[in-house]
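To start, the structure under review is shown below, and the notes come after it.
None of the figures in this text is laboratory data; all of them are computed from the coordinates on show. Keep in mind that what you see is a predicted model, and the values were worked out from it rather than measured. Don't worry about glycine lacking a Cβ; one is built from the backbone with ideal geometry, like all the others, and counts go over all protein chains shown.
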C-alpha cells in the first residue's frame with residue numbers, strides 16, 4: 001500500500017475552517033510519516049465526482065474522508081456532499097476506507113455502517129492514534145511491493161523488453177496456487193530485480209525469466225522478503 005486519497009470539503013463553513021485545516025494537516029503528517037503518499041482533488045477544483053476525480057480514487061490504494069461542516073447556500077451548516085460521493089465511490093470499489101466525522105454531522109445513507117472516527121476539534125491526537133493503527137492494519141492486509149534480486153547476474157545484460165523478454169512470478173497464498181503474473185523488472189548496473197506487488201509476509205513465490213525464447217526458472221518456492229533467487233535455465 002503506497003497511496004491514500006484524502007477527501008475533504010473545499011467550501012468549509014466559516015465557523016469550521018480552522019478546525020478542518022488543523023485536522024487535515026495532522027492527517028497528512030501521519031500518512032507521510034508512515035511512508036505513504038497523499039492524493040487529493042485539489043487540481044480539479046473540488047468539482048463533483050467526474051471522470052478525472054474517479055480515476056484518482058481508483059488509482060489510490062485507500063480513501064480517508066474528512067467530513068466536516070460545509071457552507072450551504074444561506075451559509076447554514078451542510079453535509080459535504082462531494083466528500084460523501086467520493087467515499088461512496090471508493091466503498092463501491094471495495095477499497096479500504098475510513099471517515100473522520102465532525103460531531104455536528106450525522107451519519108446517513110450508503111456506508112453508514114462502515115468504520116468511522118468521531119472527531120472533536122482540539123483532540124487531533126485521538127484521531128492521529130486511531131489513524132496510525134488503521135493504516136498499519138491496511139498495510140499488513142494489503143501487502144507491499146518487494147524487490148527480489150535475480151541471479152545469475154549476467155541475465156541483466158541479456159534482458160531486453162523490446163525483444164519481448166519477460167519476467168513472471170507465481171504466488172502461493174494460504175495453500176492456493178495462483179496464476180502466474182507478469183512482474184516489473186528493474187535493471188541496474190550488473191544486476192536485475194523483479195518488483196513483486198502486494199505480497200504478504202506469508203506468501204511464497206517462484207520466478208521465471210524468458211530471454212530470446214529460453215526460460216530461466218527458480219527451482220524452489222522462495223520467501224521473497226529474504227535474500228534473492230537463483231534461476232536455472234530450463235532444457
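Some observations on this one:
- Under the criterion of Cα pairs below 8 Å and six or more residues apart, the relative contact order for segment 3-142 equals 28 percent.
- The order of 216, 221, going from fewest to most other C-beta atoms within 10 Å of their C-beta, is 221, 216.
- The order of the peptides 149-158, 205-214 by mean Cβ neighbours within 10 Å, most packed first, is 205-214, 149-158.
- Peptides 62-69, 177-184 ordered by average Cβ neighbours within 10 Å, highest first: 62-69, 177-184
- Residues 35, 86 in ascending order of nearby Cβ atoms (within 10 Å, fewest first): 35, 86.
- Value of relative contact order over segment 145-233, rounded to a whole percent, pairs C-alpha under 8 Å and six or more apart: 36 percent
- Across the chain, the relative contact order, built from alpha-carbon pairs under 8 Å that are at least six residues apart, equals 16 percent.
- One entry in (i) 8, 34, 36, 17, 5, 1; (ii) 7, 27, 25, 17, 14, 8, 2, 0; (iii) 6, 20, 23, 28, 19, 4, 0 is P(r) over Cα pairs in 10 Å bins from 0, in percent calculated from the shown coordinates; its label is (ii).
- When shorter helices are ignored and each DSSP H run of at least 4 residues is given -39500 (n - 2.57), the per-residue value for the chain at 222 nm works out to -8000 deg cm²/dmol.
- Taking the longest Cα principal axis of the chain as reference, the axis of helix 124-142 is set at about 30 degrees.
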